[in-house]
Amino acid sequence: MTRMASIQKAVVVGGWRTPFVKAGTDYADLDVLDLAKVATAETLARTETAARDVDEVVYGNVSRPVAYHNIAREIVLALGLPTNIYAASVGMACASACVAITTAADHIAVGTATSALAGGAESLSNIPITYTPKLARALVRASQAKTLPQKAASFADVRLSDLAPVAPGIRETSTGLTMGQSAESMASINAIPREAQDQWALRSHENAARGWADGRLAQEVTPLYRNGKSVTKDGHIRGDTTIEKLGLLRPVFDRAHGTITAGNASPLTDGAATVLLMSEERARSEGRTGLVAIRSYAYAAVDPADQLLIAPAYAIPLALERAGLSLSDISLIEMHEAFAAQVLSTFHVLEKNGAGRIDEDIVNVMGGSIALGHPFGATGARLVITLANEMRRRGVQFGLASACAAGGNGAAIVLELLP
Amino acid sequence: MTSTQDVTARITPPAIDIASIKAAGARFEDGDIARIVIDRPTDNVNAIDPPLIAALANAIDDARAARPRGLIIVSAKPDQFVAGADLSMLSAWPSAMEISQASRQIQRIFNDLAALPFPTVAAINGSALGGGYELALACDWRIAADAPSVRIGLPEISLGLLPAAGGTQRLPRLIGLPRALDQILNARRSNARRALRAGLVDEVVHPAALERAAMDRAGRREKRKVQGGTSLVDRAATWLTPLRAYALRTARAGVVKETKGHYPAPLKALEAITVGLQQGMDAGLEAEARLFGELATSEVSRNLIALFLLGLAQRRAAFEGLPRGAAPNDIAVVGAGLMGSGIAQAASIGGATVRLRDVDTGAVAKGLDTVRKLTTDASRKRVIERREAARVISRVTGTTDYSGFRRADLVIEAVFEDLAVKRNVIKELEDIVREDTVIATNTSALPIADIARNAMHPERIVGMHFFSPVHRMPLVEVVQPEKADPKALAMVVAEAQAMGKTAIVVRDTPGFYTTRVLGFMLAEAMLLLEEGARIEDVDKAMVAFGWPIGPLALTDEVGLVVARHVGETVAAARGIKSGPSAVQRLTDAGMQGKRGGRGFYRYDGKKRTPNADVYALIGMAPGAVWHDEETARRLTLLFVNEAARCLDEGVLRSAAEGDLGAVLGVGFPPFLGGPFRWADTEGVVMRDDLRRLAARFGERYTPSASLMQGRRFYA
């Protein structure tokens, strides 16, 4: 038994994801667990890892299914992983998989695990639709009532309007604004023009199309086999889009003065991504190569009423400080693109705060969430997988992944390619 | 023996063991529940044998005298209730009369149990099959534990017997005639949930709550009056004469169609049921006992029981001369065709993580879909529990490269039956897999040594001959090349068993065992055509003899190209030279068998008609009448003779593996017990027939050395 607090370096051994597709399309009838199983089983197979060699599973998921409460545990039981291991689901909205990865890395660091599967999955095709609180409470009361009249009485104060189903919240509870409205205000505050946003979106699609064309993205994606057919590619990338086409789209959130369109925002997406982490010691003893260490990480948060998605601009300097690095040491960046306006705002605030100027050429070199899609729970793991793979390919020493999240949260992870 | 050493403090208030209250000279108080504990202390199986019967009789007498509020019957063995009659008992009693007598004695004791004036409950904690379930049937109520070890039913028919401890009488009265016929005639063995649905048990509870639940029921319920099922339809079919007659007639017609007169047991069971419902329980029991005696002394039953026991013993015997192997955790399969995906599914059911590889995503998608369909079908038929089915599907992943193969302990190659293709796969695998990975090659005839010829490590390459369709066929023929590492063989045998298959181990010679004997028989069937037989006459004769499908129809199923290839392999190895065979002429004419729609038959949709073109191709007009009896016997004798040669040559390790392989792999009629048991039964008659056939048709009929010497294959 390893003593706790024996600080170990956690390394990314490898990671794979499903193709990301628009919600309501190819994966419409798949449960989020089905997606998680594919990404996780594939990561085990591709890293040539036996199920019995996994110490724990930490998994992110935002729109939680009602049939079970801990997707990580479901993964363990479905894939024949050891039934006695730690398995926890974590949530930080769009940065959930970042939390999964850094949590697992912490466990490896203190020695409670030497190998861990971490990642996340999302099925926005299958969001749980619920009842109004009034109707839900009435149903609970009725289920507890003993007699038929009592059961009937439980529904006494339910109104017709309470019978309408309720979808999961998309507004910030503290501000009442939707994500898009918040991004619109960020664009205004930081003076990000529509053209710059469309330009960033175009770049995202072009880079993603190039990533598929030259085979780099194929290396992180496993086909998803279903009913005798296979889905092999991300479904949302528009390699043939142009700045003109993007310019024709109408603003969605502020029809009169807005700048944010379906073209420069990330789409609702289904998908899953899983990475295998190990202690460096174990990975080396198993003869594994191409190791990428979690060098440092940081989370930051801001008042949602301010700039909802700006927290990465605070998390990034903190993570760099913890890594003993500065922005100029970073040769590759994967940044979650909730909106082009949010990415550009982050650059702006980083520079304004003196953290340094971001070299756009090293950001999202195979596209970002606008083109690839954004399955909430999975995106954090996708960032780490893409970043680690490209760091290996380019042989760069330091890379940075960051994601913003609802509620004003932000995550940043610094990776280091080990010799 | 019923025993008293069982703890009584386990439950509160405790049930009181009959024997202990008798020993203490005490009496049951009002509301006390008595308990009979079934335990054969010297055996780890609770099988019904004379001492157990005697002890049970005493316990029932004591219970009657003690007059408790109710009685429960429990087993002291973990995970088993009462397994059924000790089969060795049957051979101990040589005559039908003695066997009937023993049956009557058990019936009387169960009648006594049923007649106890207080409610009785059987607490079924494990297997309750045959006599074990009949004991439970003699109670008023039955409760089963929700445990995987629970198997309930009256499967005597599968051994050529009938339920003879009241089963044919009590089951129709309990669940109604239609359901009872389904249970008994199909020899069903149900898990707890299915047993509940079928009405075989009244309640299913958690294993830990079983005894408590049984006591509650014995304490709260009254004696039960059975009504012949719960639904009006079931009751009507049980008690109303015209409806009952209809149900019995339909069942009889089904049985006749299914058994073709080779298996007497279902008809006798029907007879006992009929007598019981028409003339009353006593007459029914008497019929049951009498017919049981007849069946138990019949050749068919002895053969079926022998096969059953061989199958049980084979789990151990398969490892003869090998180290004890463990089934691997990680398996990879190359080739996602029907065979490969069937193997992948079987491996996943066996508990392994499976990586299935084919060349492109389309083939992989199809293969994984086959795995899914096979598994959901099995779950729909409740062979696999629904949630386990989901796990079985999840454990199989697909790939178009060899990723995931380095973690595999065993790789099973199931690509096209072509030496060059298979050699290439072996070469690719050897570059990828670990040093200690075992490679099994699935082939029906290609010599393993040839496939492994250029391998770096031929010692880890063994044969694993699966039969199609994999999910239905219960045999795996493990092929042992001369260089094979015994550890590799042991792993493959263990995996075959984990898949739920019977494994036999044979030597790596052309056609191994099953393909060789079958190939000889198929070739001979084609020769019959050249002698002037009609296609349909040959097949009909063989089916009437007891084969599941005629040899020519089977050749079409297998595919003519494969059949031709196999035929040539086997014939060349035996040094047999002959002119072009029928199958050669057919394939030269472009026929493929069922797949291409033309072979010995023409296939139009679901319709199959003999293909008249065949006669022209082989230059023979079909003659007049062909003698069925002679045809089938001649072909089957050739099969047996070749099997005996396999044993003489050491291709087979034992007659037992020969019998299991023939019956489970290639459909040799089970009622004959297998080629070797049949040879034992026929003795000199078979030898002389073979000699006559040899004189007329050639050397291939010359009795093998062992048959010539009149060797008995079983002691």
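Miscellaneous remarks
- B:Val666 among the hydrophobic types (A, V, I, L, M, F, W, C), free of Cβ contacts under 8 Å to residues at least 12 places away in the same chain and on the phi < 0 side of the Ramachandran plot: no
- Out of B:Val150, B:Val121, one residue alone is surrounded by 24 or more Cβ atoms within 10 Å (Cβ to Cβ) and more than 22 Å from the chain's Cα centre (by Cα). It is B:Val121.
- Test: residue in the range A:62-85 that is within 14 Å of another protein chain (Cβ to nearest Cβ) and in contact with a Gly (Cβ under 6 Å, 6 or more places away or on another chain): no
- Condition check for A:Tyr59: more than 14 Å from every other protein chain (Cβ to nearest Cβ) and part of a strand (DSSP E or B): yes
- Any hit, the range B:53-68, residues being buried (at least 22 other Cβ atoms within 10 Å of the Cβ) and within 32 Å of the chain's Cα centre (by Cα): yes
- A:Val384 being surrounded by fewer than 24 Cβ atoms within 10 Å (Cβ to Cβ) and not polar (S, T, N, Q): no
- Yes/no for B:Gly337 being of a type in the set (Gly, Ala, Ser) and crowded, with 19+ Cβ neighbours inside 10 Å: no
- Residue in the range A:14-29 that is among the aromatic types (Phe, Trp, Tyr) and closer than 28 Å to A:Met391 by Cβ present: yes
Yes/no matrix, rows are residues, columns are (1) at pLDDT 95 or above; (2) among the basic types (Lys, Arg); (3) more than 19 Å from B:Phe467 (Cβ to Cβ):
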{"residue": "B:Arg372", "(1), (2), (3)": "yes, yes, yes"}
{"residue": "B:Ser379", "(1), (2), (3)": "no, no, yes"}
{"residue": "B:Ile393", "(1), (2), (3)": "yes, no, yes"}
{"residue": "B:Thr397", "(1), (2), (3)": "yes, no, yes"}
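- The residues on offer are B:Arg653, B:Arg711, and the sole one that is surrounded by fewer than 17 Cβ atoms within 10 Å (Cβ to Cβ) and under 25 Å from B:Arg507 (Cβ atoms) is B:Arg711.
- Pairs where the first residue, in the range A:41-53, is within 21 Å of B:Val392 (Cβ to Cβ) and facing chain B (nearest Cβ under 7 Å) and the second is of a type in the set (Phe, Trp, Tyr) and not in a helix (DSSP H, G or I), C-beta under 7 Å, 6+ apart: A:Glu42/A:Trp16
- Comparison of A:Ala93, A:Ala116, A:Ala72, A:Ala142 shows that the only residue that is surrounded by 14 or more Cβ atoms within 10 Å (Cβ to Cβ), of a type in the set (A, V, I, L, M, F, W, C) and on the phi > 0 side of the Ramachandran plot is A:Ala93.
- Subset of the range B:545-588 [among the polar types (S, T, N, Q), modelled with pLDDT of 85 or more and under 15 Å from B:Ser444 (Cα atoms)]: B:Thr555
- Residue match in the range A:243-266 (condition: within 14 Å of chain B (Cβ to nearest Cβ), on the phi < 0 side of the Ramachandran plot, of a type in the set (Val, Ile, Thr) and surrounded by fewer than 24 Cβ atoms within 10 Å (Cβ to Cβ)): no
- Output for the range B:373-415, where each listed residue is aliphatic (A, V, I, L, M), assigned to a loop (DSSP other than H, G, I, E, B) and touching a residue at least 60 places away in the same chain (Cβ under 8 Å): B:Ala408, B:Ala414, B:Val415
- Of all the criteria given as (1) more than 9 Å from chain A (Cβ to nearest Cβ); (2) surrounded by fewer than 21 Cβ atoms within 10 Å (Cβ to Cβ); (3) under 25 Å from the mean Cα position of the chain (by Cα); (4) not polar (S, T, N, Q), the one not satisfied by B:Ala346 is (2).
- For the range A:213-240, the set of residues classified as more than 23 Å from A:Tyr27 (Cα to Cα) and either within 14 Å of another protein chain (Cβ to nearest Cβ) or at pLDDT 95 or above (or both) consists of A:Ala213, A:Asp214, A:Gly215, A:Arg216, listed by residue number.
- Residues of the range B:310-340 satisfying the condition of being under 30 Å from A:Ala218 (Cα atoms) and away from chain A (no Cβ under 11 Å): B:Ile331, B:Val333, B:Val334, B:Gly335, B:Gly337, B:Leu338, B:Met339, B:Gly340
Residues checked against (1) touching a residue at least 12 places away in the same chain (Cβ under 8 Å); (2) in contact with a helix residue (DSSP H, G or I) (Cβ under 6 Å, 6 or more places away or on another chain); (3) among the β-branched types (Val, Ile, Thr):
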| site | (1), (2), (3) |
| --- | --- |
| A:Gly119 | yes, yes, no |
| A:Ile127 | yes, no, yes |
| A:Thr130 | yes, no, yes |
| A:Pro133 | no, no, no |
| A:Ser143 | no, no, no |
| A:Gln150 | no, no, no |
| A:Ser182 | yes, no, no |
| A:Ala208 | yes, yes, no |
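- Single residue of the range B:142-166 satisfying the filter (touching a residue at least 60 places away in the same chain (Cβ under 8 Å) and assigned to a helix (DSSP H, G or I)) that is farthest from B:Ser103 (Cα to Cα): B:Ser158
- Filtering B:Ala187, B:Ala165, B:Ala195, B:Ala208 for residues that are among the aliphatic types (A, V, I, L, M) and on the phi > 0 side of the Ramachandran plot leaves a single hit, B:Ala187.
- Residue satisfying all of: in the range A:23-40; of a type in the set (Asp, Glu) and under 16 Å from B:Ser394 (Cβ atoms); nearest to the other protein chains (Cβ to nearest Cβ) among these: A:Asp34
- Counting only residues that are among the basic types (Lys, Arg) and not in a helix (DSSP H, G or I), the range B:167-187 holds 0 of them.
- When restricted to residues that are at pLDDT 95 or above and not in a helix (DSSP H, G or I), the range A:268-288 contains 14.
- Within the range B:359-393, the residues that satisfy the criterion of being among the acidic types (Asp, Glu) and closer than 16 Å to A:Leu224 by Cβ are B:Asp360, B:Asp369.
- Identity of the residue in the range B:394-408, at the interface with another protein chain (Cβ under 9 Å from one of its Cβ atoms) and surrounded by fewer than 21 Cβ atoms within 10 Å (Cβ to Cβ), that ends up nearest to A:Ser230 (Cα to Cα): B:Thr400
- Matching residues in the range B:260-291 - criterion: being surrounded by fewer than 17 Cβ atoms within 10 Å (Cβ to Cβ) and farther than 21 Å from B:Leu240 by Cα: B:Lys260, B:Gly261, B:His262
The values are calculated or read from the model by the stated rules, or taken from the named source; none is laboratory data. Predicted, not measured: the structure shown is a model, and the values here were computed from it. Ideal geometry is used to build each Cβ from the backbone, glycine not excepted, and the neighbour counts take in all protein chains shown.
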